[in-house]
Each structure stands twice: as structure tokens, then as C-alpha cells.
1. Under the condition of being assigned to a loop (DSSP other than H, G, I, E, B) and of a type in the set (A, V, I, L, M), which residue from segment 95-110 is most open to solvent (accessible area, probe 1.4 Å)?
2. Name every residue in segment 140-176 that is of a type outside the set (S, T, N, Q), part of a loop (DSSP other than H, G, I, E, B) and either within 17 Å of the chain's Cα centre (by Cα) or under 24 Å from Ala205 (Cβ atoms) (or both), in order of residue number.
3. Return yes or no: is Arg264 touching a Pro at 6+ places or on another chain (Cβ under 7 Å), over 19 Å from Gln159 (Cβ atoms) and open to solvent by 40 Å² or more (accessible area, probe 1.4 Å)?
4. When you look at Cys187, is it touching a helix residue (DSSP H, G or I) at 6+ places or on another chain (Cβ under 9 Å), modelled with pLDDT under 95 and open to solvent by less than 10 Å² (accessible area, probe 1.4 Å), yes or no?
5. For Ala168, indicate whether it is under 23 Å from Leu101 (Cα atoms), crowded, with 16+ Cβ neighbours inside 10 Å and in contact (Cβ under 8 Å) with a residue 60 or more places away in the chain.
6. Please work out if Gly191 is on the phi > 0 side of the Ramachandran plot, not in a helix (DSSP H, G or I) and not polar (S, T, N, Q).
7. Which condition number does Phe254 fail, the rest of (1) within 26 Å of Lys35 (Cβ to Cβ); (2) among the aromatic types (Phe, Trp, Tyr); (3) open to solvent by less than 20 Å² (accessible area, probe 1.4 Å) being met?
8. Under 8 Å between Cβ atoms, which residue pairs at least 6 apart in sequence (or on different chains) link something in segment 129-151 that is within 20 Å of Ser185 (Cα to Cα) with a partner that is of a type in the set (Asp, Glu) and assigned to a loop (DSSP other than H, G, I, E, B)?
Amino acid sequence: MFSNEGLVSCDTFVVMGDVTNTGEVVFGKNSDRPKGEVQEVVSVEPQIHEPGTKLKVTSTLGVVLSKPAWMWGAEMGANQAGVVIGNEAVWNRLSCSSHDLVSRLLGMDLLRLGLERGNTAREAVEVITSLLEKYGQGGQCSDIVPDFSYHNSFLIADQTEAWVLETADRLWAAEKVERGCRNISNCLSIGTRVDLCSRGLMETARENGWWNGVEPFNWAIVLGGGASGELENPDSRWRCGKNLLEENAKLGKFKVEDMMEVLRDEKSGINRPGGDFPTAGSQVSSLGCDTARACHWLTATLAPSRSVFKPFVFCSSNKITGLTQSPAGVRLAPGERKHPLWKV
């Protein structure tokens, strides 16, 4: 059986406007994926869906996505309304490989659906949680590593607020972020501040003996099943990432370039230029304000420490070139999915 330890690592960050140099929210994520998996960057135009089609929505927003080339969903991305989302793999007391490998919605599918349908960060939270409760999450999360599945956490932001959304099967909790910095990694990180949650969450925890109903409800402890220990480990990527954000933001002058440097940090393990689970793609976004348009920088290549962050702005004349798009075909082997930039 594949071991999660030592392989899986992703990190997502947000710095709110009260501690940035321009007053804009700054977002960043590294996507670490199995060695040999190609990550492409694609843009999808807004769509109008006529009545009678399979989709239950009449329209979807334009999105830019950084995604494993073999799947429909995405590891991170942004939409034309200024919403960004990054996701992480997490494990908890409800993780069960036989159950989690059953095909449902992948976390990456939920991320893309949140971007295509959410005009604000809060709307994206509602999209993801409603689909999670109705259809569940699960399925094979790699075309390279066998029997690889996980639950998901998300960091969702727009230009005024951010949300940390963490899941355990169909249960979920969300924490609103309006000031300072926040990051997520491969562990549950929401504590006693639960601003939104799945219906009946605390009753379910009491009925199953996970929580005594007397102590304050702590999501990471109650649902973590022991995995929350990473939050107390000073060497963990979650703690290192938190420290890097706070150090760069302490004077209230955090910049886009600071986020790029956080993503390039190798000592913490946030940037993995090699190994079995290298950093396959990175994104930094400045989410704009009344006088500035949101801008998104994506690498579309391995390891941010040796990659160029390439800007993308939603406008009528800006299109993603084919240089970051992989060849199409469901039967392609991982090595056949390399796009032109990946080969450089």
C-alpha cells in the first residue's frame, strides 16, 4: 500500500490587505504532485448553458487553471470575478482507502466547480459544500501512484475576504479570514473558530464518541484523529509557512514578490525541486482593488526556484497560448502529456 508520509506536500497561503503594501489580498500556492505527472495551465471561456443540458446551472465563469494534465479538475486557479482557490490533501479519522477510492467528485473537481460558479469567495464555499454534501468526494487522485486517495481542504479568497474550508468525507468546517495571514497544508488546521459547518456536525461528533460535548469543539482535534499534531510541530511545513508569512507581513508591507519567495523556500519543504513528489506548479495572485485589476502569475513548470512566474489578467484580448497546454487524449501515458514549456 502506498504511504502518504514523506510524499504528499502542498501549501496554500493568503495575506490580507491590512498587511500588504498595496492593500490588495495576495494569494499563493505550490502544487506538489507525483513524479512524472505533468501540470498544465489552461484558460476556459465563460459559458452559457441552454435549458435541457446536463448542467444544472445556466452559466459558468471564465477561469484560468493550473491542473494535472490527465484530469478535469484543478489544483489551483482563478476566475474572472476575482476568486482564487487552492486545495490540499488531508487525512482524518474518516479516511478509509476502500471508501475513498470509489469514484465521486475529486477535490480538484470541486475546486474547479467552485471557480466556475462562485462570484465571491463565500459563494465558492457554498458551491463546494453543497456539491460535497450531495455527491461526496472520492476517486483515484493520480494516474501514476496506485490506490491514491484523500480528503481535501481549500483556501478560497477574493479581494475582501478569505475562507479556509476543511473536509472529512461529507462533513466540513469553514473559518473566515479578514485580517492578517493564513495558510493551509496537509493537515486539518481549523481549531475552535468554526464560522460555518455542515448541518449536524457537532451532534454527529457526540453520537460517535469523538467529542464529549463539554469541551470546546475543536475541529482539528475532533475530526483529525491524531493528525492535528503537525500543527504543534515547529518543523512542519504548516508551521514553517505560517512563520514565513508572519515574518514578511510584520511591517504591513507584504508584496507579491514576498509570496514568490515563500513558494521558493526549500529549507521548509514548501518548495520541492525534486524527489518523489516535486513541486509541479505554482501560482501567485494579487486580487486587485477598486483601482487595480487582479493579476495572476503561474509557472506551468516544475520548481518555482527555477521557474518564471508568468502573468495572466482576465480581459477580452488575453488568451493562454498552447505553450502551457498538454496534448489531449485520455489514453496518453504520463510522459506523452508534456506541453512545450514542460520540455524546456
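1. Of segment 95-110, the ones assigned to a loop (DSSP other than H, G, I, E, B) are 95-96, 101-104, 106.
If we keep only those that are of a type in the set (A, V, I, L, M) too, we end up with 101-102, 106.
On the way: Leu101: 50, Val102: 71, Leu106: 18 Å².
For segment 95-110, the residue satisfying everything is Val102.
2. Applying the first criterion (of a type outside the set (S, T, N, Q)) to segment 140-176 yields 141, 143-148, 150-151, 154-158, 161-166, 168-176.
Remaining after also requiring part of a loop (DSSP other than H, G, I, E, B): 141, 143-148, 150, 158, 161, 169-170.
Correct list: Cys141, Tyr150, Asp158, Glu161, Asp169, Arg170.
3. On the way: touching a Pro at 6+ places or on another chain (Cβ under 7 Å): yes; over 19 Å from Gln159 (Cβ atoms): yes; open to solvent by 40 Å² or more (accessible area, probe 1.4 Å): yes.
Taking the combined requirement at face value, the residue satisfies it.
4. On the way: touching a helix residue (DSSP H, G or I) at 6+ places or on another chain (Cβ under 9 Å): yes; modelled with pLDDT under 95: yes; open to solvent by less than 10 Å² (accessible area, probe 1.4 Å): yes.
The answer is yes for Cys187.
5. Values: under 23 Å from Leu101 (Cα atoms): yes; crowded, with 16+ Cβ neighbours inside 10 Å: yes; in contact (Cβ under 8 Å) with a residue 60 or more places away in the chain: yes.
Against the criterion (under 23 Å from Leu101 (Cα atoms), crowded, with 16+ Cβ neighbours inside 10 Å and in contact (Cβ under 8 Å) with a residue 60 or more places away in the chain), Ala168 qualifies.
6. Details: on the phi > 0 side of the Ramachandran plot: no; not in a helix (DSSP H, G or I): yes; not polar (S, T, N, Q): yes.
Answer is no for this residue.
7. Of the numbered conditions (1) within 26 Å of Lys35 (Cβ to Cβ); (2) among the aromatic types (Phe, Trp, Tyr); (3) open to solvent by less than 20 Å² (accessible area, probe 1.4 Å), the odd one out for Phe254 is (1).
8. Gln137/Asp169; Ser142/Glu37; His151/Asp169
The values are calculated or read from the model by the stated rules, or taken from the named source; none is laboratory data. These figures come from a predicted structure and were not determined experimentally. We place every Cβ from the backbone using ideal geometry, glycine too, and count neighbours over all the protein chains shown. Accessible surface areas use protein heavy atoms only, side chains included; no ligands, DNA or RNA. Shrake-Rupley method; radii C 1.70, N 1.55, O 1.52, S 1.80 Å.
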